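Asker: Take a look at this one; I'll ask things after.
The values are calculated or read from the model by the stated rules, or taken from the named source; none is laboratory data. What you are looking at is a predicted structure, and each value in this text was computed from that prediction instead of being measured. A quick note on method: Cβ atoms are made from the backbone with ideal geometry, for glycine too, and the neighbour counts reach across all protein chains shown. We work out accessible area using only protein heavy atoms, side chains counted, and drop any ligands, DNA or RNA first. Shrake-Rupley method; radii C 1.70, N 1.55, O 1.52, S 1.80 Å.
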Amino acid sequence: MKTVRFEEQQVTPSKVLCVGRNYVEHVKELNNAMPDQMVVFNKPNSSISSTLRAFHDEPLHYETEICFVVESGQYVGVGLGLDLTKRELQSQLKQKQLPWERAKAFDGSAVFSRFVSLDGLDVEQLSLELFINCVRVQCGGVAQMMFKPAMILQELQSYTTLIDGDIVMTGTPQGVGVVHAGDVFLGRLKCGDHVLLEIEWLAE
């Protein structure tokens, strides 16, 4: 089973729960319909990776997200994640009104930083930035989310059991695009003006 680092320990998520279409500008950039309820899909443990890949049967697109790790039914840690997507396949599936899992839940489709404790942090002040080859391409945070982290947790718990170590991905702001081999990704997670963590990935 795949693990992620939370502070000084390794935890094993049973699943990754992903919220789609949670930023208005991202919904618009993909010409999607605005959701009237939360869009959720799952990634299995086998999707977790620390390696950023540019290709898996087709070119992959990046989506940077604020992510939470769960313990005793509550968020206890926060980190950054990349929801890697087979955009062409996803578009085909959406046109046929079929589930997205084949475009979202493949091996290596969930790439995570380490997770840090939420103790003393104001969740409402969390935000992210993504730079590719030193150019900022994504910026956004809880303030722009249609469904806030507390609401997401409540909605998930209304229909599924969250196991200790499970990860919640909260959606991506505008600025998604194609991963190119050799690209240097720098992700930054902030709380207000304070940088909580930085993570660098080299796309393979």
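Asker: Of Gln97, Ala54, Gln157, which is farthest along the charge dipole of the chain in the positive direction, counting Lys and Arg as +1 and Asp and Glu as -1 at C-beta?
Answerer: Gln97
Asker: Convert each backbone phi in the stretch 125-140 into a coupling constant with the Karplus relation 6.51 cos²θ - 1.76 cosθ + 1.60 (shift: θ = phi - 60°), then list the ³J(HN,Hα) values in order as whole Hz, x for Gly and Pro.
Answerer: Values per residue, Gly and Pro as x: 9, 6, 8, 10, 9, 10, 10, 10, 6, 6, 10, 6, 10, 9, 7, x Hz.
Asker: Gaussian network model of the chain, Cα springs within a sub-10 Å range: biggest mean-square fluctuation belongs to which of Ala103, Ala54, Ala181?
Answerer: Ala181
Asker: If contacts are Cα pairs under 8 angstrom and at least 6 residues apart, what is the relative contact order of the stretch 4-203 in percent?
Answerer: Once divided by the residue count of the stretch 4-203, the mean separation gives 31 percent.
Asker: Simple spin-label model, 7 Å along Cα-to-Cβ: Met151 to Gln74 in nm?
Answerer: 2.2
Asker: In terms of modelled amide H atoms, which long-range or inter-chain residues lie less than 5 Å from the amide H of Asn22?
Answerer: Placed amide hydrogens put Thr172 under 5 Å from Asn22.
Asker: Next question. Summarise the accessible area of the chain (1.4 Å probe, protein heavy atoms) by the percent that is carbon and sulfur.
Answerer: In the chain, the share of accessible area belonging to carbon and sulfur is 48 percent.
Asker: Might you report the magnitude of the Cβ-based charge dipole of the chain about its Cα centre, with Lys and Arg at +1 and Asp and Glu at -1, to the nearest 20 debye?
Answerer: In total the dipole reaches around 560 debye.
Asker: Turning to a different aspect of this structure: Hey, any idea what Rg/Rh is for the chain, computing Rh the Kirkwood way over Cα pairs?
Answerer: Reported Rg/Rh (Cα atoms, Kirkwood Rh): 0.92.
Asker: Still on this structure: With the crude spin-label approximation of a point 7 Å out along Cα→Cβ, what separation in nm comes out for Asn133 versus Ile163?
Answerer: In this crude label model, Asn133 to Ile163 measures out at 4.1 nm.
Asker: Taking the chain as a Gaussian network, Cα atoms linked when under 10 Å apart, which of Leu189, Leu52, Leu98 shows the biggest mean-square fluctuation?
Answerer: It is Leu98.
Asker: Under a straight-distance cross-link criterion of Cα-Cα below 19 Å, which lysines are reachable from Lys15, leaving out those fewer than 8 residues away in the same chain?
Answerer: Partners found: Lys2, Lys43, Lys104.
Asker: Between Asp36, Asp119, Asp83, where does the largest GNM mean-square fluctuation fall for the chain, given springs only between Cα atoms within less than 10 Å?
Answerer: Answer for the Gaussian network model of the chain: Asp36.
Asker: Grab the beta carbon distance between Glu8 and Val184, set R0 = 22 Å, and tell me the FRET efficiency rounded to 0.05.
Answerer: Step by step, r from the Cβ atoms, then E = 0.20.
Asker: Quick one: 3J(HN,Hα) in Hz for the stretch 174-188, Karplus 6.51/-1.76/1.60 with θ = phi - 60°, rounded, Gly and Pro as x.
Answerer: The phi angles translate into 5, x, 5, x, 7, 8, 10, 4, x, 5, 9, 9, 10, x, 9 Hz.
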